[in-house]
Amino acid sequence: MHIPDAFIPIWQGGIYWIIALIFVILAVRWAKNEMSEEKLPLVAVLAAGIFALQSFNLPVSMGTSGHLVGGALAAIVLGSPFAAVFILTMVLIVQAVLFGDGGITTMGANIINMGVIGGFVGYYSFKGLMKTTKSMPVSGFVAAWLACLIPACACAVEMFLAGTFPLKEGLIAMGLYHAAIGVIEGIVTVAAIYLITSVRPDLVDTGVKPIKGGVQTA
């Protein structure tokens, strides 16, 4: 999922950077307006947790890799898709600059895939499903699964547009791997939401609240 520098032409990477920067600016604005001192530790914990989750890379064919994303978790817990953009951008910068995981010229694409697409798909899928299912585990699991699968497919399309590998083979490779990885992401996301809402429900905006033996809608 972390696209290296050589996988996308510089001019395409520049376009992705411009799009990503628009969302990053909006995410910084969100952070200034919504992130209180009480939420700072939660943001730090989410960033560290997502960084750790993404460290477990599984090789995918054609030189790519698969891993958990974490965009849905950040967006759901903090109540905004821009929270995912904010946290994932910080994580991706550290990974690229300090660990060489993902390129600098391709960071715009990586932010779009994992932060923007992952965050928006995860957040709005969760909100929509909560209205219909009234179940946090079901909504959280499906939202996190989609927020892992769809960014992976977007990455495959970007690789096709860059001429790196064919569209069909890319979608199959990235899609199948991340459909499986998304199951793990769904389980981790539901568990994390449950634990956070159980310990500090005052800090989160998930639409659920803890009850004895489980969680329910607010």
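Using only DSSP helix segments of four residues or longer, with each worth -39500 (n - 2.57), what per-residue ellipticity at 222 nm results for the chain after dividing by its residue count and rounding to 500? Could you put the intermediate results ahead of the total?
On the way: 8 runs with 146 residues, N = 218.
Mean residue ellipticity, 222 nm, calculated: -22500 deg cm²/dmol.
How big is the equivalent ellipsoid of segment 96-169 along its three axes, where each semi-axis is √(5λ) from the Cα gyration tensor, reported in whole Å from largest to smallest?
Numbers: eigenvalues 163, 45, 15 Å².
Semi-axes (√(5λ), whole Å): 29, 15, 9.
Please work out how much length the chain gains when fully extended from residue 183 to residue 5, using 0.36 nm per residue of separation minus the C-alpha to C-alpha distance, in nm with one decimal.
Working: separation 178, 0.36 × 178 = 64.08 nm, distance 2.89 nm.
Fully extending the segment from residue 183 to residue 5 adds 61.2 nm.
Placing a pseudo-label 7 Å from each Cα along the Cα-to-Cβ vector at residue 195 and residue 52 gives an inter-label distance of 0.7 nm.
Using the Karplus relation 6.51 cos²θ - 1.76 cosθ + 1.60 with θ = phi - 60°, the per-residue 3J(HN,Hα) values for segment 94-99 come to 4, 4, 6, 6, 8, 10 Hz, with x marking Gly and Pro. Summarising the label geometry, the points placed 7 Å from Cα in the beta-carbon direction at residue 161 and residue 202 lie 4.5 nm from one another. Under a 5 Å amide H cut-off, with hydrogens placed 1.01 Å from N, residue 79 pairs with 205 among residues at least 5 apart or on other chains.
Express the relative contact order of segment 61-209 as a whole percentage, based on alpha carbon pairs under 8 Å and six or more residues apart in sequence.
On the way: 218 pairs, mean separation 43.9, N = 149.
Relative contact order, segment 61-209: 29 percent.
Only alpha carbons enter this Debye calculation for the chain, each as an equal point scatterer, and the log10 of I(q)/I(0) it gives at q = 0.12, 0.17 Å⁻¹ is -0.58, -1.12.
Normalised per residue, the accessible area of the chain is 45 Å², obtained with a 1.4 Å probe and no contribution from ligands, DNA or RNA.
Our estimate of slack between residue 35 and residue 93, defined as 0.36 nm per intervening residue step minus the Cα-Cα distance, is 18.9 nm.
The values are calculated or read from the model by the stated rules, or taken from the named source; none is laboratory data. Note that the structure is a prediction, hence the values are computed from the model and not measured. All Cβ positions, even for glycine, are placed from backbone atoms using ideal geometry, and neighbour counts span all protein chains on display. Each accessible area value is taken on the protein alone, full model and side chains, heavy atoms only, with ligands, DNA and RNA left out. Shrake-Rupley method; radii C 1.70, N 1.55, O 1.52, S 1.80 Å.
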